[in-house]
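Peer 1: If you scroll down you'll find the structure; I have some questions about it.
The values are calculated or read from the model by the stated rules, or taken from the named source; none is laboratory data. Note that the coordinates shown come from a computational prediction; the quantities given were computed from them, not determined experimentally. FYI the Cβ positions are ideal-geometry reconstructions off the backbone, even for glycines, and counts take in every protein chain you see.
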């Protein structure tokens, strides 16, 4: 097996006397869609924050493409090829769909501040190219016709698409999705599932996602890690997770309604 694109190695995260993550280890292979699941408060978003540099683990290491990135600042994490979305959608208010996505291209700007201030030819050439790429990306998500609309005025499902498109615009190798299907109806969830599979293929992405919708997880994920109170209680295929006694106990019956 090739070297994992992401390795979580004995990571522990403590907040005062509370242990949110306890010696967690798992690895994600390039090209996988990997699920991180578990009850509320299990530590899932905390590990995302560890990966993206928002939190520095109390103990343990995080490796990306074989290099340690533990404690790397969030902007540098984006530069090396990791992008994320959030459980609560974060879009820029009073900005259009297109402008929100264009922000994702900021780390790929190849003109100087001088060229930007004086609107020199290289600035205009680059801006034209980036805008065309952004529109192609919106086509990929099926929302190109909404490019000029205010992003926060869209339906919840379309706002989620804008947020994911902005993350993809940063040109990541690894995309972290924090509950992408939360708040969506079944039709929106199915549509999102198709889009995620499509962008994974078209942009050669590896995806790590947090999700509670087990039908969505079953349709999406190659493997899952299940957390409970910060501990890893299961690693394997989603279909096996939902019948595992430890997982069923951790969820207190939530899986019966998946």
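Peer 1: Out of all the residues in the range 43-85, which are part of a strand (DSSP E or B) and surrounded by 17 or more Cβ atoms within 10 Å (Cβ to Cβ)? Step through it out loud before you land on a result.
Peer 2: Looking only at the range 43-85, we keep the residues that are part of a strand (DSSP E or B), and these are 59-64, 67-68, 82-84.
Within the range 43-85, 60, 62, 63, 64, 82, 83, 84 meet the criteria.
Peer 1: Now, a different point. Taking residue 38 as the residue in question, decide whether it is crowded, with 16+ Cβ neighbours inside 10 Å and in contact with a strand residue (DSSP E or B) (Cβ under 6 Å, 6 or more places away or on another chain).
Peer 2: The answer is yes for residue 38.
Peer 1: In contact with a strand residue (DSSP E or B) (Cβ under 8 Å, 6 or more places away or on another chain), assigned by TED's automatic domain parsing to the domain that holds residue 235 and either at pLDDT below 95 or surrounded by fewer than 17 Cβ atoms within 10 Å (Cβ to Cβ) (or both): is that true of residue 32 in this structure?
Peer 2: It is false that residue 32 is in contact with a strand residue (DSSP E or B) (Cβ under 8 Å, 6 or more places away or on another chain), assigned by TED's automatic domain parsing to the domain that holds residue 235 and either at pLDDT below 95 or surrounded by fewer than 17 Cβ atoms within 10 Å (Cβ to Cβ) (or both).
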